[in-house]
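J.: Just dropping this structure here.
The values are calculated or read from the model by the stated rules, or taken from the named source; none is laboratory data. These numbers come from a predicted model, not from an experiment. Here Cβ is always computed from backbone atoms with ideal geometry, including for glycine, and neighbour counts include all displayed protein chains.
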Amino acid sequence: MRIKKLKLENFRTYKEETVFEFGNLTTFVGKNDIGKSSILEALDIFFNEGKGVVKIDANDVNKSARSEGNDEIKITVVFDDLPQNLIIDATNPTNLKDEYLLNYEGDLEIIKKYPNGGKEKVFIKANQPTNPNCSDLLLKKNSDLKKIFESNNITCEDKTKNSVIRKSIWKHFANELELKEIEIDASREDAHNIWDQLKNYMPLYALFQSDRKNSDTDNEVQDPLKEAVKQILSDANIKKKFNEIAREVENKLKDVSQRTLEKLKEMNSEVANSLNPVIPQAETLKWADVFKNVSISGDEDIPINKRGSGIKRLVLLNFFRAEAERRQQEMNVPNIIYAIEEPETSQHPKHQRMLIEAFKTLSNLNNTQIILTTHSPTIVKILDFEQLRLLKTENGKVNVLNIERNELPYPSLNEVNFLAFGEADEEYHNELYGYIESEDKLAEYRNGKGTLKYKRYKNGKVIEENIILSEYIRHQIHHPENTLNSRFTFDQLQESIRLMREFIKTLNVLSLKEKK
């Protein structure tokens, strides 16, 4: 099962229902505090039910919605890539399609509602029969189902199995089902049993937060193996084996001490009677201390907590991945989702590129999804357009834009960085200017624009000419050796980029009109 869509409503900054689409690798980009982390944390709440990194509470309700009397948070996840032979009832074999448990698009849609940020209520949004003669069958008891097929003279192969009865009834009314998307309460009757089975097929969701501790006092940073020891020793089978060893040692110590005291009595019974062996109980032993010297160190035995913050975080990230995979195998869960906030944190650009390439490879594996958030223009440029989702605020509402060719007539990840972060750099300026020049439109672009004085050497003499702002910046980028002019400012760079973007969009509109 793979996440296809996430829908948030009344959750933090997302008041109205906002839909996010996912692929095998999905990266959310946007300015600070726009709601990127809320997406990842909402999924943690949905999948891990308060046992993961995040716990939902009343403060997660959108404040504007609360003031209007609506305090119910809705987190909805739509799944595709469903197993064709998914069995949702071990005793009564059936499947999602036969039970009309898929939505209009043929996907599984699970809604979780949290009144005032409290305990979840689960619903399945499905394209169900609504004809009163055959509706709400998943919410009916066996006796109620029998009444329906008996009153309508419906033949049924096995009257003891609810799934068989439902199929017979729906088949009888096949031409008048009146299918419509409705929300089925997953806490009632067979819908409850189905939800209990469906939970076994849910992906394992693992969230690595950007503000995860990585101080020298953090256990995981001191060394991931020390944290691993704790988790390994918490295994019930290993505890049992250690206790067996401890009891055997305890019995042998008691035997040795008893024989020693018996011998002592032969020489001095008074002293012997005043002594008692002190042997710790097996349950009180600190087995972790036995492995306290485990570590991951470099070639020069430098411990991880003494390495740079970037290396520490890189090790932590991969410890997180290894632990997630271990949990996946132990729980026998087929799918895994890695959600990682700002993988660029403390990482050199080279490591950023290596990380993203690793995530790209990982996302191509079966049953694996990667979800990222980033503020890094470097990362954006490494990704493909379909792997990016741009978050932008318009009229107080967060909009989610799938990155396509955007407003320019050619693919540009510099364009994405400009829209997402206001990233105005020389590379993007060169790109825009070069496009106008390649289209032979520079003369047209110059029309009506103000000029600046630009000095340069020619034949050993300083000459002065009037040129537009974009040319002024272009010359300085390509001729840094010319120090006769004042350096362009960031505001001038942004203004020049804005002017060229507007001009190129105009060209694009004219081109589209000509094609029509």
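J.: Of all residues in the stretch 142-188, count the ones that are surrounded by fewer than 13 Cβ atoms within 10 Å (Cβ to Cβ) and of a type in the set (Val, Ile, Thr).
T.: Residues that pass the stated criteria total 2.
J.: Do the conditions hold for ASP98, that is, is it farther than 19 Å from ASN200 by Cα and either touching a Cys at 6+ places or on another chain (Cβ under 9 Å) or free of Cβ contacts under 8 Å to residues at least 12 places away in the same chain (or both)?
T.: Details: farther than 19 Å from ASN200 by Cα: yes; either touching a Cys at 6+ places or on another chain (Cβ under 9 Å) or free of Cβ contacts under 8 Å to residues at least 12 places away in the same chain (or both): no.
No; evaluated as a whole, the condition is false for this residue.
J.: GLU72 - would you say it is modelled with pLDDT of 95 or more, of a type in the set (Asp, Glu), surrounded by 16 or more Cβ atoms within 10 Å (Cβ to Cβ) and assigned by TED's automatic domain parsing to the domain that holds ASN193?
T.: Numbers: modelled with pLDDT of 95 or more: yes; of a type in the set (Asp, Glu): yes; surrounded by 16 or more Cβ atoms within 10 Å (Cβ to Cβ): yes; assigned by TED's automatic domain parsing to the domain that holds ASN193: yes.
It is true that GLU72 is modelled with pLDDT of 95 or more, of a type in the set (Asp, Glu), surrounded by 16 or more Cβ atoms within 10 Å (Cβ to Cβ) and assigned by TED's automatic domain parsing to the domain that holds ASN193.
J.: Being closer than 24 Å to GLU423 by Cβ and touching an Asp or Glu at 6+ places or on another chain (Cβ under 6 Å) narrows it down to one of ILE468, ILE477, so name that one.
T.: Matching residue, one of ILE468, ILE477: ILE477.
J.: Another question, then. Those residues that are among the β-branched types (Val, Ile, Thr) and either within 21 Å of SER363 (Cβ to Cβ) or in a strand (DSSP E or B) (or both), I need them from the stretch 18-40; list them, please. Give the derivation first.
T.: Our first condition is that a residue be among the β-branched types (Val, Ile, Thr); within the stretch 18-40, this holds for 18-19, 26-27, 29, 34, 39.
Result: THR18, VAL19, THR26, THR27, VAL29, ILE39.
J.: Do any helices (runs of 4 or more DSSP H) lying entirely in the stretch 257-367 carry at least 1 residues that are surrounded by fewer than 11 Cβ atoms within 10 Å (Cβ to Cβ), modelled with pLDDT under 70 and among the acidic types (Asp, Glu), and which ones are they? Before you say what the answer is, go through the steps one by one.
T.: Working: elements: 269-273, 309-331, 349-363.
Of the helices (runs of 4 or more DSSP H) lying wholly inside the stretch 257-367, those with at least 1 residues that are surrounded by fewer than 11 Cβ atoms within 10 Å (Cβ to Cβ), modelled with pLDDT under 70 and among the acidic types (Asp, Glu) span 309-331.
J.: Can you tell me which residues in the stretch 416-437 are among the polar types (S, T, N, Q) and modelled with pLDDT of 90 or more?
T.: Let us first name the residues in the stretch 416-437 that are among the polar types (S, T, N, Q), namely 417, 430.
Within the stretch 416-437, ASN430 is the sole residue that qualifies.
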